[in-house]
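First comes the structure, then the notes that go with it.
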Amino acid sequence: MSEHEAGGDVSEISPKAREAARLADAMSGLRTDFEDVIGEAMTAAGEQECIKGYIDFREKYLDDVIEVENHGMRFAENIDAAGAEIGEVDRDSTDGFDGAWPGLERDIHS
């Protein structure tokens, strides 16, 4: 792509969107997993001081874990939406670029 063109290659976004979706899928349920691990640690600890430490830890970091889970979901959605938007712009613009001289330095995918 030359310095005078802007755009993206939808074929390059699709694999990244699938990878982001896998990442988001892995992050789905992160909160539940975090709380389960803390609960199991509290049960295994047995001592009240340790249990209180795990409760404090959960309270301190639960919002962060939820935020990471949400970021993962939005990340996948944003990549997918960007690919769809680029594809739509290319489809809408295809007629306007047919026969353009000197032409684009990349193929327009339809």
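Every read-out reported here was derived from the displayed coordinates using simple, explicitly stated rules and does not represent laboratory data. Note that the structure is a prediction, hence the values are computed from the model and not measured.
A simple rule links phi to the HN-Hα coupling: the Karplus curve 6.51 cos²θ - 1.76 cosθ + 1.60 with θ = phi - 60°, which for the stretch 29-43 gives x, 4, 4, 4, 4, 4, 5, 5, 5, 4, x, 5, 5, 5, 5 Hz, with x for Gly and Pro. Name the shape class, rounded, prolate or oblate, that the alpha-carbon gyration tensor gives for the stretch 29-87, where a ≥ b ≥ c are the square roots of its eigenvalues, rounded holds for a/c under 1.5, and otherwise prolate holds if a/b is larger than b/c and oblate otherwise. Taking the square roots of the gyration eigenvalues as a ≥ b ≥ c, the stretch 29-87 is prolate.
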